[in-house]
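Visitor: There's a structure below that I have some questions on.
Rule-based calculations on the coordinates, nothing more; no lab input. Please read these numbers as outputs of a predicted model, since none were measured by experiment. Cβ placement follows ideal geometry from the backbone for every residue including glycine, while neighbour counts extend to all protein chains displayed.
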Amino acid sequence: MTGDRHDVVVVGGGNAGYCAALAAREICDRVLLVEKAPEPWAGGNSYFTAGVFRCAVGDLEEAVGLIEDADDPRLTRTDLPPYPEDAFLADMRRLTEGRCDPELAGVLVACATDTLRWLRARGLRFELAFSRQSFLVDGRHRFWGGLYLGTVGGGKGLVAQHRAAAAAAGVEVRHEHAMVELRRGAGGAVTGVVCETPAGREAVDAGAVVLAAGGFEANPMLRAAFLGPGWDLARVRGTPYNTGEALLAALDAGAAPYGHWSGCHATAWDVASPPSGDRELTNLLTKQSYPVGLIVN
């Protein structure tokens, strides 16, 4: 099976995949992003988020330097506490109960703010998350929790802006290209990917392959295997296309399993929701409070 040749192939079309593709395009000529889902399902799980980004900021002025509308009249009535890097790192350690990798968490925390500046320079637009992370107290918008910035238009806006940025940068995107195999050379090195497409199997050679295809949360069998009994019955709040093939292919190629496989990000969800994500309501199906009820675990 022979394939066409690209400098970099990115597997997965969510926020991580588009970031990787944009970064690769700055130093490479031919960058290809392959996405399993059809185009109407573009964006992976990023589409179903609120589009918020956690990063360290020193004060309101620094946060305003990252947003689209620096003339928002609400800014004169906004209190935004500093969120330094040490507080960000402490939150990572607290919420993971000390499981986060110290080196990787340190890179994330140190680079998060500059990454937002980099994305902004590539056309992504940010705003303060007034509706999500602030309360109105005595006429002032008081932010809390360190999660201050989000993309204009939430997750839907994030994906639309990424797609526009990729098109402007000359990144090729192919939908309905499900990676089913990593191509490997004689010495075992990864040399490309094999994708299942509507026209059959297609091989793509690459100088480098970046896997950004998410987890296995839409695969009932893998949920039950790694999260435990009953998890095969869980509803999926996002894309039905994150079924773990990229992870399994990486393990088959010799990658080391790492991290916390028996836990996940889960949230209270509308019982009447569809089995997988609703493209219109996205994260609005979250149920964070029940004013006239009790939440029972």
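Visitor: Work out the FRET efficiency for ASP86 and ALA266 from their Cβ-Cβ distance, taking R0 = 35 Å, and round it to the nearest 0.05.
Guide: Working from the Cβ atoms, E equals 0.80.
Visitor: Starting from the Kirkwood radius over alpha-carbon pairs of the range 1-97, derive D by Stokes-Einstein at 20 °C in a medium of 1.002 mPa s and give it in µm² s⁻¹.
Guide: This corresponds to a translational diffusion coefficient of 125 µm²/s.
Visitor: How high is the relative contact order of the chain, in percent, with contacts defined as C-alpha pairs under 8 Å that are six or more residues apart?
Guide: Relative CO of the chain lands at 24 percent.
Visitor: Shifting gears a bit: Peptides 166-173, 152-159, 248-255: what's the order by average Cβ count within 10 Å, highest mean first?
Guide: With the highest mean Cβ count within 10 Å placed first, the list reads 152-159, 166-173, 248-255.
Visitor: A follow-up question, please. Compute the Cα gyration tensor for the range 143-263, then decide on rounded, prolate or oblate, letting a ≥ b ≥ c be the square roots of its eigenvalues: rounded whenever a/c is under 1.5, prolate when a/b is larger than b/c in the other cases, and oblate in all that remain.
Guide: In terms of gyration-tensor shape, oblate.
Visitor: In terms of modelled amide H atoms, which long-range or inter-chain residues lie less than 5 Å from the amide H of PHE126?
Guide: Result for PHE126 returns GLU68, VAL152.
Visitor: Another question about this same structure. Rank these for me by crowding, HIS175, HIS260, going from fewest to most other beta carbons within 10 Å.
Guide: HIS260, HIS175
Visitor: Evaluate Rg over Rh across the chain, taking Cα atoms for both radii and Kirkwood's formula for Rh.
Guide: That ratio equals 0.98.
Visitor: With point charges of +1 on the Cβ of Lys and Arg and -1 on the Cβ of Asp and Glu, referenced to the Cα centre of the chain, which listed residue (GLY51, ALA225, SER289) lies farthest in the positive direction of the dipole?
Guide: SER289
Visitor: Please find, in a Gaussian network model of the chain (springs between Cα atoms separated by less than 10 Å), the residue of ARG30, ARG99, ARG174 whose mean-square fluctuation is greatest.
Guide: Highest fluctuation of the listed residues: ARG99.
Visitor: Okay, next question. For the range 52-152, what is the convex hull volume of its Cα atoms per residue in Å³?
Guide: Value for the range 52-152: 95 Å³ per residue.
Visitor: Can you give the net charge of the other residues whose Cβ lies under 13 Å from the Cβ of MET221, counting K and R as +1 and D and E as -1?
Guide: So the environment of MET221 carries a net charge of -2.
Visitor: Taking the Cα atoms only, what angle lies between the long axis of helix 102-121 and the longest principal axis of the chain, rounded to 10 degrees?
Guide: Long axis of 102-121 versus the principal axis of the chain: about 80 degrees.
Visitor: Also, I was wondering about something else. Calculate one ³J(HN,Hα) per residue across the range 254-261 by plugging θ = phi - 60° into the Karplus curve 6.51 cos²θ - 1.76 cosθ + 1.60, and present them in order as whole Hz with x for glycine and proline.
Guide: In residue order, the calculated couplings are x, 5, 8, x, 8, x, 9, 7 Hz.
Visitor: Expressed as a whole number of Å, what is the distance separating the alpha-carbon centroids of the range 67-96 and the range 153-212?
Guide: For the range 153-212 versus the range 67-96, the Cα centre distance is 34 Å.
Visitor: Residue by residue, what Karplus-based ³J(HN,Hα) values in Hz, rounded to whole numbers, does the range 186-195 have, using 6.51, -1.76 and 1.60 with θ = phi - 60° and x for Gly and Pro?
Guide: 4, x, x, 5, 6, 10, x, 9, 10, 10
Visitor: Something else: Collect residues whose amide H, placed 1.01 Å from N in the peptide plane, falls under 5 Å from the amide H of GLU181; neighbours closer than 5 in sequence don't count.
Guide: VAL194
Visitor: Taking θ = phi - 60°, what integer Hz values does the Karplus form 6.51 cos²θ - 1.76 cosθ + 1.60 yield along the range 32-44, in sequence order, with x for Gly and Pro?
Guide: 10, 10, 10, 10, 5, 6, x, 4, x, 9, 4, x, x
Visitor: Between 0 and 90 degrees, rounded to the nearest ten: what's the tilt of helix 85-95 against the longest Cα principal axis of the chain?
Guide: For helix 85-95, the angle is close to 70 degrees.
Visitor: List every residue whose amide H lies under 5 Å from the amide H of PHE216, counting only residues 5 or more places away in sequence or on a different chain, with H placed 1.01 Å from N in the peptide plane.
Guide: When sequence neighbours closer than 5 places are left aside, there are no close amide H contacts.
Visitor: Also, quick follow-up: Around HIS141, under 11 Å between beta carbons, what's the net of Lys plus Arg minus Asp minus Glu among the other residues?
Guide: +1
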